[in-house]
Amino acid sequence: MDGADIDIINKCLEGDDLAFEELVTRYKKLVFNTSYRMLGSYEEAEDASQEAFIRMYKALKRYDPQFKFSTWAMKITTNYCLDLLRKRKGDTVPIEEQYDLKDEGLTPEEEYIRHEKQQMVRKAIESLPSKYKELIVLFHNRGLSYSEIMDVTGESLTIVKNRLYRARQMLKDSLEKLDKEGESIWNAAK
Amino acid sequence: MECSKISDFIMKYVDGDISEVELKMLNRHMLYCEGCSREFQILTEMSKCISELPEVEAPASLEAKVMARIKQQRTQASMLSMLMGAAGLFVFAYYMAIFAILPFFRELGTFQMMLNYGAYFLKLIGAYIMKIIVYLPITIENLLILRNILVRDYMNIMLLIAGGVMLLNLELIRFINLQQE
């Protein structure tokens, strides 16, 4: 099925289930990766994505076409993930080891360092309080602009900026701490 | 230049929102400030690393699962609305029968009257049985209390009355015997 998102959404609103399925196909990567980065676990991310899409389906009537559908989808997804994180306060979820695709042109040693760094960053992100985690994921991982983040979080530019700066500082501190315990790969970087 | 100002420049750099002048100032500062230079390095590395975190493939079955859940919820919702509809229909029919249909059936009068009498008698019997069940123990209890009071406090009078009654009885028996003779 081709066509702009808005056509597909209109078809959904007319009761066409296939159209919604198409919408899921289009945005599942975005929703799933966002949940995965927020929650840190593949299984939880899968459940969260399902729930997020169902929430979108139910709220589709209230979707405002002046926003991009992806922004709206992110808003629903991150809100749901924040709910989950709030509920699981206290219990930590083990970060799953993830095997990345090998990058072309890296020596085994560089590959190893890259992998170690990513593991550390993942751990550090996981340790952030949820509202800071959200901003790090949205800005650095999903590459959203400030104005998109404002739409997703519903916060003002000042708050978004301050919170993101604070989040980066926290992340940096956490990385330095992890680095001291580990092999200091962050300081050794050129 | 203060390091806190430079920290802002670093953030701007990471945002990709730094002006040329600011960038020059930042570079110059970092030549001699090791702290800021390290902060710059970690933050930029970190930012790069987060954006390069590998994308994961969403499960292929996601669409099917989402659609199945939507269908399931819709079935539940329609079941619920069907039940609500049935309940509404029942209530409507009931009130129609009582207020709109029954008044037109005059010949139902006798039947209705009998029904009413039946209900009245049932109620009466029910009330009577209820009274017995409730009041009998209370009555017995009260009688016992009365007896206790009488026995304890009015023994003399009781004996007097008993004696009087006995005497009366004897007199009665004598009187009857005399009559027979």
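Some values worked out for this structure:
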| quantity | calculated |
| --- | --- |
| Search result, residues across segment A:1-27 that are farther than 17 Å from A:Ile54 by Cβ, touching a residue at least 12 places away in the same chain (Cβ under 8 Å) and out of contact with any helix residue (DSSP H, G or I) (no Cβ under 7 Å at 6 or more places or on another chain) | A:Ile6 |
| Cβ pairs under 8 Å, 6+ apart, first in segment B:141-163 and of a type outside the set (A, V, I, L, M), second surrounded by 10 or more Cβ atoms within 10 Å (Cβ to Cβ) and at pLDDT 85 or above | none |
| Complete set of residues in segment A:14-36 that are part of a helix (DSSP H, G or I) and more than 7 Å from every other protein chain (Cβ to nearest Cβ) | A:Leu18, A:Ala19, A:Phe20, A:Glu22, A:Leu23, A:Arg26, A:Tyr27, A:Leu30, A:Val31, A:Thr34, A:Ser35 |
| Members of segment B:29-65 found to be touching a residue at least 12 places away in the same chain (Cβ under 8 Å) and of a type in the set (Asp, Glu), listed by number | B:Glu39 |
| Helices (runs of 4 or more DSSP H) contained in segment B:12-114 and holding at least 1 residues more than 14 Å from every other protein chain (Cβ to nearest Cβ) | B:20-32, B:62-95 |
| Residue within segment A:50-68 that is closer than 24 Å to B:Glu52 by Cβ and buried (at least 23 other Cβ atoms within 10 Å of the Cβ) present | no |
| Residue within segment B:64-74 that is surrounded by fewer than 10 Cβ atoms within 10 Å (Cβ to Cβ) and of a type in the set (A, V, I, L, M) present | no |
| Residue satisfying all of: in segment B:13-31; surrounded by fewer than 13 Cβ atoms within 10 Å (Cβ to Cβ) and aliphatic (A, V, I, L, M); nearest to the chain's Cα centre (by Cα) among these | B:Val21 |
| Yes/no for A:Leu82 being more than 14 Å from chain B (Cβ to nearest Cβ), modelled with pLDDT of 85 or more and surrounded by fewer than 17 Cβ atoms within 10 Å (Cβ to Cβ) | yes |
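Yes or no, residue by residue, for (1) at pLDDT 85 or above; (2) surrounded by fewer than 13 Cβ atoms within 10 Å (Cβ to Cβ); (3) touching an Asp or Glu at 6+ places or on another chain (Cβ under 6 Å):
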position	(1), (2), (3)
A:Lys102	no, yes, no
A:Pro108	no, yes, no
A:Val137	yes, no, no
A:Arg142	yes, no, no
A:Ser147	yes, yes, no
A:Leu171	yes, no, no
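The values are calculated or read from the model by the stated rules, or taken from the named source; none is laboratory data. What you see is a predicted model, and the numbers here were worked out from it, not measured in a lab. All Cβ positions, glycine included, derive from the backbone under ideal geometry; neighbour counts span all protein chains shown.
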